[in-house]
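K.L.:
The structure under discussion is supplied below as structure tokens; questions concerning it will follow.
The values are calculated or read from the model by the stated rules, or taken from the named source; none is laboratory data. Given the structure is predicted, the values throughout are model-derived calculations rather than measurements. With ideal geometry, Cβ positions are generated from the backbone for all residues, glycine too; neighbour counts draw on all protein chains shown. Remember, those area values only see protein heavy atoms, side chains included, never the ligands or the DNA or RNA. Shrake-Rupley method; radii C 1.70, N 1.55, O 1.52, S 1.80 Å.
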Amino acid sequence: GLCFSRSPLLSVYADMSTCCAEYASEDKSMLELVFAPCSPVAGSDKNWIAASDDEIVDATVKELARLFPTEIGPGAPNGGAVLVKQTVVRVPRSVYAATPGRGKFRPSQESPIDNFVMAGDFATQKYLGSMEGAVLSGKLAAEVICDRSVGRKSRGVRDVHDSIKEQSENRREVKKPVGVRGDYPIAFGGGQQGTGGNVYHP
């Protein structure tokens with residue numbers, strides 16, 4: 001299954017050879033990793049989106065050696081695991097940096113609008129922005145609906161944080177959305193392989 005990592009570079013990973021029949025192997029592993037955050041905007045100290053595939057693979061292997069020193073790298077028996085093949089897919093908007101203190105800005109599933117309940121990874125739940133967070137938020141939203149249907153007391157509507165109210169009151173001009181820049185898959189939040197003029201969709 002999917003594992004959350006303690007690494008600042010590799011947020012989640014899965015050994016596909018143990019969880020997918022088509023990749024099953026007794027002596028090899030096929031790792032699928034999410035390298036994130038990938039840009040300074042998302043909280044990284046380097047723009048990994050603009051880095052070459054070789055730089056990303058090298059950083060990934062070094063981080064795996066740090067996380068699993070008995071399995072890969074110079075400290076592992078007989079040199080440990082050897083990289084046979086790799087593919088880099090860039091999806092810049094897939095994972096954001098889990099910055100401490102951000103949870104207070106998330107809205108509750110329950111809202112002050114009658115018959116309007118929110119579900120999604122952006123709403124209050126214990127995971128970061130992810131599929132798991134979205135599923136848990138959906139479960140919490142379903143609880144709100146059930147509570148209301150039987151007249152049971154719910155968790156209530158979460159107050160909007162004071163800093164958001166202040167920004168709203170002090171903002172005089174309405175900002176226009178930036179919009180989409182470029183026509184590559186990456187501009188629309190999709191994945192892409194390659195860089196520069198050699199770009200294609202996986």
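K.L.:
Does the stretch 76-88 include one or more residues that are of a type in the set (Ser, Thr, Tyr), within 27 Å of the chain's Cα centre (by Cα), open to solvent by less than 60 Å² (accessible area, probe 1.4 Å) and modelled with pLDDT of 85 or more?
P.N.:
From the stretch 76-88, those of a type in the set (Ser, Thr, Tyr) are 87; that's our starting set.
Filter once more, so that each one left must be within 27 Å of the chain's Cα centre (by Cα): 87.
Now restrict to residues that are open to solvent by less than 60 Å² (accessible area, probe 1.4 Å): none.
There is no residue in the stretch 76-88 that is of a type in the set (Ser, Thr, Tyr), within 27 Å of the chain's Cα centre (by Cα), open to solvent by less than 60 Å² (accessible area, probe 1.4 Å) and modelled with pLDDT of 85 or more.
K.L.:
Going by the conditions given, is residue 133 of a type in the set (Gly, Ala, Ser), open to solvent by less than 50 Å² (accessible area, probe 1.4 Å) and closer than 17 Å to residue 11 by Cβ? It would help to see each step written out before you state the result.
P.N.:
Working: of a type in the set (Gly, Ala, Ser): yes; open to solvent by less than 50 Å² (accessible area, probe 1.4 Å): yes; closer than 17 Å to residue 11 by Cβ: yes.
Answer is yes for this residue.
K.L.:
Let me ask something else. Looking only at the stretch 140-150, decide whether some residue is modelled with pLDDT of 90 or more, among the polar types (S, T, N, Q), closer than 30 Å to residue 5 by Cα and in a helix (DSSP H, G or I).
P.N.:
no
K.L.:
Scanning the stretch 1-22 for residues that are among the hydroxyl-bearing types (Ser, Thr, Tyr) and in a strand (DSSP E or B), which turns out least open to solvent (accessible area, probe 1.4 Å)? Talk me through it step by step, then tell me what you get.
P.N.:
So the first thing to find is which residues in the stretch 1-22 are among the hydroxyl-bearing types (Ser, Thr, Tyr), and the list is 5, 7, 11, 13, 17-18.
Then drop every residue that is not in a strand (DSSP E or B), which leaves 11, 13.
Values: 11: 23, 13: 50 Å².
It comes out as 11.
K.L.:
Residue under question is residue 120, and the condition is that it be farther than 22 Å from residue 147 by Cβ and small (Gly, Ala, Ser); does it hold?
P.N.:
no
K.L.:
Consider residue 53 against the criteria (1) at pLDDT 85 or above; (2) open to solvent by 30 Å² or more (accessible area, probe 1.4 Å); (3) in contact with a strand residue (DSSP E or B) (Cβ under 6 Å, 6 or more places away or on another chain): it satisfies all of them except one. Which criterion is unmet?
P.N.:
(3)
K.L.:
Here is a follow-up. Check off (1) open to solvent by less than 30 Å² (accessible area, probe 1.4 Å); (2) in contact with a Leu (Cβ under 8 Å, 6 or more places away or on another chain); (3) more than 25 Å from residue 121 (Cβ to Cβ); (4) free of Cβ contacts under 8 Å to residues at least 40 places away in the same chain for residue 59 and give me the number that stays unchecked.
P.N.:
Unmet for residue 59, out of (1) open to solvent by less than 30 Å² (accessible area, probe 1.4 Å); (2) in contact with a Leu (Cβ under 8 Å, 6 or more places away or on another chain); (3) more than 25 Å from residue 121 (Cβ to Cβ); (4) free of Cβ contacts under 8 Å to residues at least 40 places away in the same chain: (4).
K.L.:
Let me ask you something else. Condition first: buried (at least 17 other Cβ atoms within 10 Å of the Cβ) and part of a helix (DSSP H, G or I). Can you find one or more residues in the stretch 34-46 that meet it?
P.N.:
Scanning the stretch 34-46 turns up at least one residue that is buried (at least 17 other Cβ atoms within 10 Å of the Cβ) and part of a helix (DSSP H, G or I).
K.L.:
Going through the stretch 44-69 one residue at a time, which ones are among the small types (Gly, Ala, Ser) and farther than 15 Å from residue 91 by Cα?
P.N.:
In the first step, residues of the stretch 44-69 are kept if they are among the small types (Gly, Ala, Ser); the result is 44, 50-52, 59, 65.
Correct list: 59, 65.
K.L.:
While we're here: Any idea which of 91, 135 is touching a residue at least 24 places away in the same chain (Cβ under 8 Å) and either in contact with a strand residue (DSSP E or B) (Cβ under 9 Å, 6 or more places away or on another chain) or aliphatic (A, V, I, L, M) (or both)? Talk me through it step by step, then tell me what you get.
P.N.:
Numbers: 135 fails: touching a residue at least 24 places away in the same chain (Cβ under 8 Å).
So the residue among 91, 135 that is touching a residue at least 24 places away in the same chain (Cβ under 8 Å) and either in contact with a strand residue (DSSP E or B) (Cβ under 9 Å, 6 or more places away or on another chain) or aliphatic (A, V, I, L, M) (or both) is 91.
K.L.:
Given the criterion under 30 Å from residue 3 (Cα atoms) and either surrounded by fewer than 14 Cβ atoms within 10 Å (Cβ to Cβ) or at pLDDT 85 or above (or both), identify the matching residue among 97, 123.
P.N.:
On the way: 97 fails: either surrounded by fewer than 14 Cβ atoms within 10 Å (Cβ to Cβ) or at pLDDT 85 or above (or both).
None of the other options fit; the residue is 123.
K.L.:
Now for a different question. What do you reckon, is residue 26 exposed (fewer than 13 other Cβ atoms within 10 Å of the Cβ), part of a helix (DSSP H, G or I) and of a type outside the set (Lys, Arg)?
P.N.:
Numbers: exposed (fewer than 13 other Cβ atoms within 10 Å of the Cβ): yes; part of a helix (DSSP H, G or I): no; of a type outside the set (Lys, Arg): yes.
The answer is no for residue 26.
K.L.:
Only one residue in 69, 107, 112, 100 is free of Cβ contacts under 8 Å to residues at least 12 places away in the same chain and over 28 Å from residue 28 (Cα atoms), so which one is that?
P.N.:
Numbers: 69 fails: over 28 Å from residue 28 (Cα atoms); 107 fails: free of Cβ contacts under 8 Å to residues at least 12 places away in the same chain; 112 fails: free of Cβ contacts under 8 Å to residues at least 12 places away in the same chain.
Checking each option against the conditions leaves just 100.
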